[in-house]
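As structure tokens, the structure follows; a few thoughts come after it.
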Amino acid sequence: MLDLTGKNALVTGIANHRSIAWGIAQQLHNAGANIGITYLPDERGKMEKKVADLVEPLNPTLFVPCDVQNETQIQSTFEAVKSQWEKLDILIHCLAFANKDDLSGNFSNVSRQGFTQALEVSTYSFVQLAGAAKPLMTEGGSIVTLTYLGGVRVVPNYNVMGIAKAGLEMSVRYLAAELGTQNIRVNGISAGPIRTLASSAVGGILDMIHHVEEIAPLRRTVTQTEVGNAAAFLCSDLASGITGQVLYVDAGYAIMGM
Ligand code: NAD
Ligand code: 0WE
């Protein structure tokens, strides 16, 4: 059975009740994991309050700010893990960012700054968090990141995020090869489009969702809970032989050719 009791799980990327990371955190909690949460802080502390209220039912034993563009915050996040938990078992990387202007129009118009920022926040952060988790996963572990089809095929307007996700999926493989010797598994989940804070800011997301509902074998999109269940599986002993993979949780959409 899927059992995560005794496992310490650090979850990044919760912004609100629609976040994929929220679906994942709930399913890890349901499977018995001890939960730690990181959030992206803002000046007024609004995010801290919002996320704290949301995650309260999961009784998190760690709740720390972590802007992945801030070296100090990444360091203190893993210092907190070390001092309060001693060991880490599960790391969920569930965040991405690109300038809104870079998610429409011609890809070749992307600026150096926009390209760099998208890859720093969405791709490099994964490598960095995995590297920081490595010495704390003393009993082995499981690392999961969230990716999208736009990283392997052209999805109109996904643009620079597609390049970031391609790098992310290749990072899954290089990290899996490196961390495998410590029995740390590294996998990605490629989720179908879901209405979240990030995706709702994208023009035409509802049309994309309706397209998936017509074409996908299951004739629907997926939910945060379904992604959360797949993540819980990948983090459990049921997936002990699986590493370096990208698992599609997309109602089958990506298999279709016509
Ligand atoms: P979301 O807006 O709920 O989550 C994005 C998170 O990224 C937020 O919590 C935000 O605070 C965080 N973030 C942004 N910049 C950050 C920074 N500098 N430091 C720390 N955190 C930062 O949206 P979501 O759709 O749940 O996105 C989560 C992940 O799922 C992303 O990697 C996204 O690419 C991926 N994904 C989303 C979909 C979809 O359709 N929604 C599909 C496939 C994959
Ligand atoms: O990965 C994502 C969302 C990524 C994202 C979204 C935003 C919107 C607001 C990253 N950065 C930002 N920055 C903002 O300012 N998805 C998989 C959802 C998504 O985004 C798209 C999609 C889909 C699907 C963008 C264009 C086309 C399709």
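The values are calculated or read from the model by the stated rules, or taken from the named source; none is laboratory data. Just so it is clear, the model here is predicted, and its values are computed rather than measured. In this analysis, Cβ positions are derived from the backbone assuming ideal geometry, glycine residues included, and neighbour counts consider all displayed protein chains. All accessible areas refer to the heavy atoms of the entire protein, side chains included, with ligands and DNA or RNA removed. Shrake-Rupley method; radii C 1.70, N 1.55, O 1.52, S 1.80 Å.
Here are some notes:
- Global geometry of the stretch 51-98, whether rounded, prolate or oblate, following the gyration tensor of its Cα atoms and the 1.5 cut on a/c: oblate
- Gyration tensor (alpha-carbon) shape descriptor, the stretch 1-154, a/c threshold 1.5: prolate
- Per-residue surface analysis assigns LEU95 an accessible area of about 40 Å², computed on protein heavy atoms at 1.4 Å probe radius.
- 10 Å Cβ shell holding at most 15 others, DSSP loop, GluC sites (Glu not before Pro): longest site-free stretch of the chain: 140-258
- Among the listed pairs LYS50/LYS100; LYS7/LYS134; LYS82/LYS165; LYS134/LYS165; LYS49/LYS82; LYS49/LYS165, those whose Cα-Cα separation exceeds 26 Å are LYS82/LYS165; LYS49/LYS165.
- Per DSSP, loop trypsin sites (Lys or Arg not before Pro) in the stretch 36-78 with at most 11 further Cβ within 10 Å: ARG44
- What the stretch 42-128 shows is 59 Å² of accessible area per residue, with the surface traced by a 1.4 Å probe over protein heavy atoms.
- Think of the stretch 41-146 as a dipole: +1 on every Lys or Arg Cβ, -1 on every Asp or Glu Cβ, centred on the Cα centre; then among SER111, ASN59, ILE143, SER111 lies furthest on the positive end.
- A simple spin-label model places the labels of ASP53 and LYS82 3.6 nm from each other, with each point 7 Å out along Cα-to-Cβ.
- All other residues whose Cβ lies under 15 angstrom from that of LEU62 are scored, Lys and Arg at +1 and Asp and Glu at -1, for a net of -2.
- Long-range amide H partners of THR147 with built H, under 5 Å: ILE189, SER190, ALA191
- Each residue of the stretch 189-206 was assigned a 3J(HN,Hα) from its phi angle through the Karplus curve 6.51 cos²θ - 1.76 cosθ + 1.60 (θ = phi - 60°); the sequence is 10, 9, 8, x, x, 10, 6, 9, 4, 5, 6, 5, 7, 9, x, x, 5, 5 Hz, with glycine and proline shown as x.
- Projected label distance in nm at HIS211 and THR116, using a 7 Å step from Cα toward the beta-carbon: 3.2
- Shape category assigned to the stretch 105-258 from the gyration tensor of Cα positions, a/c cut at 1.5: oblate
- Within the accessible area of the stretch 54-160, the carbon and sulfur atoms contribute 51%, probe 1.4 Å, all protein chains present.
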